[in-house]
């Protein structure tokens, strides 16, 4: 049984359980196709764009993103890390690293910097110097609207993808799906970069003997590399209504006859 923050719980056990949860989730993030090209992922986190001066007082701005479906699957993998209430939360894992490295000044400073960066980039109301603002106006109707990239990104994640937050969708509706997605892409990519960096930091600390995590945690299967299942087994048939064995250790009764010969059985929903 794992400790979940109860009074009197061993803090080392609690922090270790959070690191275990984070490692599993972060390895799923690391295995995502967007992370296959590290340099491209880092570049995507900065949302590069090309500006071409047209010479008539206008400029042409070009931004290219991965397909929405690809980013959507990445968002699903990264989302639990964004939620402080989840066991695998990035900030919980960071706090756990801080606990095990509390006597190491260099690591303590790294944790502090990483925490500030994460909060600044992911929390909607955190003060920051970067980012951008989108402003709209309808001169005929006489209305204006403006939102920053974090609010638009949050609306795509929690309105268009993993939830259907109607308030966020209504607030960002004038800006459209395209602006929400455009804002979310660099946030998702940046979060992936930071999650993988923390995962690698944990790997180093584990190798140095500072964490005491189970070694199989870093090797266990976290994503499927094949979705085709093939098995060699013994098959039995019995009249409809014949009860199956109560468990895997109980042999089949006499009513069950082994299937033999060249019979081909197919299972399909009626």
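The values are calculated or read from the model by the stated rules, or taken from the named source; none is laboratory data. Keep in mind that what you see is a predicted model, and the values were worked out from it rather than measured. Positions of Cβ are backbone-derived with ideal geometry, glycine not excepted, and every protein chain shown enters the neighbour counts.
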inquiry  = Which numbered condition in (1) surrounded by fewer than 18 Cβ atoms within 10 Å (Cβ to Cβ); (2) in contact (Cβ under 8 Å) with a residue 12 or more places away in the chain; (3) under 18 Å from residue 184 (Cα atoms) is the only one that residue 121 fails?
reply    = (1)
key: Search result, residues across the stretch 69-102 that are within 14 Å of residue 156 (Cβ to Cβ) and without any contact (Cβ under 8 Å) to a residue 12 or more places away in the chain   = 69
key: Considering residues of the stretch 256-270 that are in contact with a strand residue (DSSP E or B) (Cβ under 9 Å, 6 or more places away or on another chain) and either modelled with pLDDT of 90 or more or more than 17 Å from residue 232 (Cβ to Cβ) (or both) only, the residue surrounded by the most Cβ atoms within 10 Å (Cβ to Cβ)   = 256
query = How many residues are free of Cβ contacts under 8 Å to residues at least 40 places away in the same chain and within 17 Å of residue 177 (Cβ to Cβ) when one looks only at the stretch 124-147?
reply = 3
ask   = Quick one: how many residues across the stretch 161-185 are in contact with a helix residue (DSSP H, G or I) (Cβ under 6 Å, 6 or more places away or on another chain) and closer than 15 Å to residue 72 by Cβ?
value = 7
note = Residue pairs qualifying under the 7 Å Cβ cut-off, at least six apart or on distinct chains, with the first in the stretch 44-68 being more than 11 Å from residue 185 (Cβ to Cβ) and the second being assigned to a loop (DSSP other than H, G, I, E, B) and modelled with pLDDT under 90, are 61/49; 62/49
